[in-house]
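The values are calculated or read from the model by the stated rules, or taken from the named source; none is laboratory data. Everything numeric here is computed off the predicted structure, so don't read it as measured data. No Cβ is skipped: glycine too gets one built from the backbone with ideal geometry, and neighbour counts run over all protein chains shown. For the accessible areas, the whole protein counts, side chains as well, though only heavy atoms, and no ligand, DNA or RNA atoms are used. Shrake-Rupley method; radii C 1.70, N 1.55, O 1.52, S 1.80 Å.
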Amino acid sequence: MASLVAANRWHTMRNSLANMTYLLLIQPELMGQLRKDYLLTRNAIEELFRWIPHENGIGQPCMATGDVEVSDVLIRAGKYAYVSYAAANRDTREYPQAQRINFYRLGPPHLAFGHDPNSCVGSTLARVEAHVLLPALIGCFPRLRLAVAPSRVQWQTSPLTRGPVALPATW
C-alpha cells in the first residue's frame, strides 16, 4: 500500500488532483472511459473541475459595487453576497443533467476558476498539472485502485480546502 498524496492542507491543486483521482477510483466506469479513449482527457478534466468543488465553504463573499439584481433579489451597492461557483456549476438551466458526470458534455464552460476579471490566475497551471498527472496515472498504473474502502478515506476538516488527507492506493 502507498499513499499517492502527501498531506498538505493548503495546496489547491494537490487537493483537486486527489479529488479527481478519488472520484475515478470509486467510479470505475469513468476510469474505464478514459482508459478506452485517451482523447476524452481534455473534456474529462474540465468536467471534473466542474463537478468537484475545491473548497468546503459556501462560496466567496463578494461586495456589490452598484445595485444589482440576481434572481429577483436586489443586492444594494456596498452589501455582500456569497457567490458559490459549486452551485453555479450544478445549475440545471446551464448544464443538462447537471447532477451527472458526463465526459462528453459540451459547453458552457464551468466556473471552477471564476470568470473574467475574477478568474484564478493559476487556472492554466492547474489545467497543465491535471493533463500531466491524470493520463500518467491511468497509463502507468492500469490496475490502480484504492487500498481501503472509500468510507475509510479520511478527509480534511479545513473550512477552506476540500480533499483527502491521504489517498491510500495499490496497483
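Okay, here's what the table says:
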item: Given (1) without any contact (Cβ under 8 Å) to a residue 12 or more places away in the chain; (2) over 15 Å from Leu23 (Cα atoms), index of the condition Glu129 fails; result: (1)
item: Cβ-Cβ under 7 Å pairs, at least 6 apart or on other chains, the range 144-171 side within 25 Å of Gly59 (Cβ to Cβ) and without any contact (Cβ under 8 Å) to a residue 12 or more places away in the chain, far side buried (at least 16 other Cβ atoms within 10 Å of the Cβ) and not β-branched (Val, Ile, Thr); result: Trp155/Pro164
item: Residue in the range 134-148 that is modelled with pLDDT of 90 or more, more than 23 Å from Tyr38 (Cα to Cα) and outside any loop (DSSP other than H, G, I, E, B) present; result: no
item: Residue check, Arg76 basic (Lys, Arg) and touching a strand residue (DSSP E or B) at 6+ places or on another chain (Cβ under 9 Å); result: yes
item: The lone exception for Ala98 - which of (1) under 26 Å from His11 (Cβ atoms); (2) out of contact with any strand residue (DSSP E or B) (no Cβ under 9 Å at 6 or more places or on another chain); (3) of a type outside the set (D, E, K, R); (4) not in a helix (DSSP H, G or I) it fails; result: (1)
item: Any hit, the range 4-22, residues being surrounded by 13 or more Cβ atoms within 10 Å (Cβ to Cβ), modelled with pLDDT under 80, in contact with a strand residue (DSSP E or B) (Cβ under 6 Å, 6 or more places away or on another chain) and farther than 25 Å from Val148 by Cα; result: no
item: Given (1) under 18 Å from Ile45 (Cβ atoms); (2) within 19 Å of the chain's Cα centre (by Cα), number of the condition Phe141 does not satisfy; result: (2)
item: Subset of the range 106-151 (residues that are basic (Lys, Arg) and surrounded by fewer than 16 Cβ atoms within 10 Å (Cβ to Cβ)); result: Arg143, Arg145
item: Complete set of residues in the range 33-92 that are open to solvent by 70 Å² or more (accessible area, probe 1.4 Å), farther than 30 Å from Leu137 by Cα and assigned to a loop (DSSP other than H, G, I, E, B); result: Ile58, Thr65, Asp67, Ser71, Asp72, Arg76, Lys79, Thr92
item: Conditions (1) open to solvent by 30 Å² or more (accessible area, probe 1.4 Å); (2) not in a helix (DSSP H, G or I); number of the one not met by Phe103; result: (1)
item: Qualifying residues in the range 106-115 (those that are at pLDDT below 85 and closer than 25 Å to Asn56 by Cβ) - the one nearest to the chain's Cα centre (by Cα); result: Gly114
